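Colleague: The structure is given below, and queries will be raised subsequently.
Please treat every number below as a calculation from the coordinates, not as lab data. Everything numeric in this text was worked out from a predicted model, so none of it was measured. Cβ atoms come from the backbone with ideal geometry, glycine included; neighbour counts cover every protein chain shown.
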Amino acid sequence: MKFKENKAIYLQIADSICDGILTGMYAESDKLPSVRELAVQAEVNVNTVARSLEYLQQNGVVEVRRGMGNYVRHGARESVLEIRRREFYDEKLPELFSAMDTLGIKIGEISRIFADRSSTLGKK
């Protein structure tokens with residue numbers, strides 16, 4: 001895994017697992033690879049992966065089945081979408097608004113671009 005410097009490694013590993021849920025790589029009730037396997041894949045310490053899984057457990061994405069491992073919870077996809085929306089509203093949207101303000105871009109311009117993009121995607 002290639003990590004970015006602007007986000008904690010354990011959160012990037014959690015993001016990777018969440019991406020797997022959103023893409024269908026991991027379905028509800030699927031068993032996730034072991035902590036050791038994930039650590040080897042990501043080339044990090046097992047404690048970092050354990051922290052990632054704890055974060056996902058706290059956010060309703062993963063459940064621990066004692067003696068059996070970590071599993072994707074029922075409703076995990078919706079939980080992941082909620083986490084991503086929260087991150088978007090709390091982190092990315094303020095950055096976007098700040099850049100728009102600095103550049104003098106009005107929301108109407110963004111709306112038109114979004115509408116054009118949406119209509120172009122709909123034609124494909």
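Colleague: Please work out which one of (1) exposed (fewer than 12 other Cβ atoms within 10 Å of the Cβ); (2) touching a helix residue (DSSP H, G or I) at 6+ places or on another chain (Cβ under 6 Å) is the condition residue 23 fails and give its number.
Modeller: The failed condition is (2).
Colleague: When you scan the stretch 61-92, how many residues do you find that are within 16 Å of the chain's Cα centre (by Cα) and at negative phi?
Modeller: Kept after step one, since they are within 16 Å of the chain's Cα centre (by Cα), are these residues of the stretch 61-92: 61-62, 72-73, 75-92.
Within this subset, residues satisfying the condition of being at negative phi are 61-62, 72-73, 76-92.
The qualifying residues number 21.
Colleague: For residue 7, are the conditions met, namely being under 19 Å from residue 85 (Cβ atoms) and basic (Lys, Arg)?
Modeller: On the way: under 19 Å from residue 85 (Cβ atoms): yes; basic (Lys, Arg): yes.
For residue 7, the condition - under 19 Å from residue 85 (Cβ atoms) and basic (Lys, Arg) - is met.
Colleague: So residue 55 fits all but one of (1) in a helix (DSSP H, G or I); (2) loosely packed, with under 15 Cβ neighbours inside 10 Å; what number is the exception?
Modeller: (2)
Colleague: Consider only pairs whose beta carbons are under 8 Å apart and that are at least six residues apart or on different chains; among these, list those whose first residue lies in the stretch 34-63 and is under 19 Å from residue 74 (Cβ atoms) and whose second residue is among the acidic types (Asp, Glu) and not in a helix (DSSP H, G or I).
Modeller: From the stretch 34-63, the pairs are 57/63.
Colleague: Another question, if that's okay. Checking the structure you have, find out if any residue of the stretch 6-15 is surrounded by 11 or more Cβ atoms within 10 Å (Cβ to Cβ), outside any helix (DSSP H, G or I) and at negative phi. Steps first, please.
Modeller: Residues of the stretch 6-15 that are surrounded by 11 or more Cβ atoms within 10 Å (Cβ to Cβ), as a first pass: 7-15.
Still in the running and outside any helix (DSSP H, G or I): 7-8.
From the residues that got through so far, the ones that are at negative phi too are 7-8.
Yes, that holds for at least one residue.
Colleague: Just give me the residues in the stretch 26-52 being of a type in the set (S, T, N, Q) and surrounded by fewer than 15 Cβ atoms within 10 Å (Cβ to Cβ), in sequence order.
Modeller: Residues of the stretch 26-52 that are of a type in the set (S, T, N, Q), as a first pass: 29, 34, 41, 45, 47-48, 52.
Those that are of a type in the set (S, T, N, Q) and surrounded by fewer than 15 Cβ atoms within 10 Å (Cβ to Cβ): 29, 34, 41, 45, 47.
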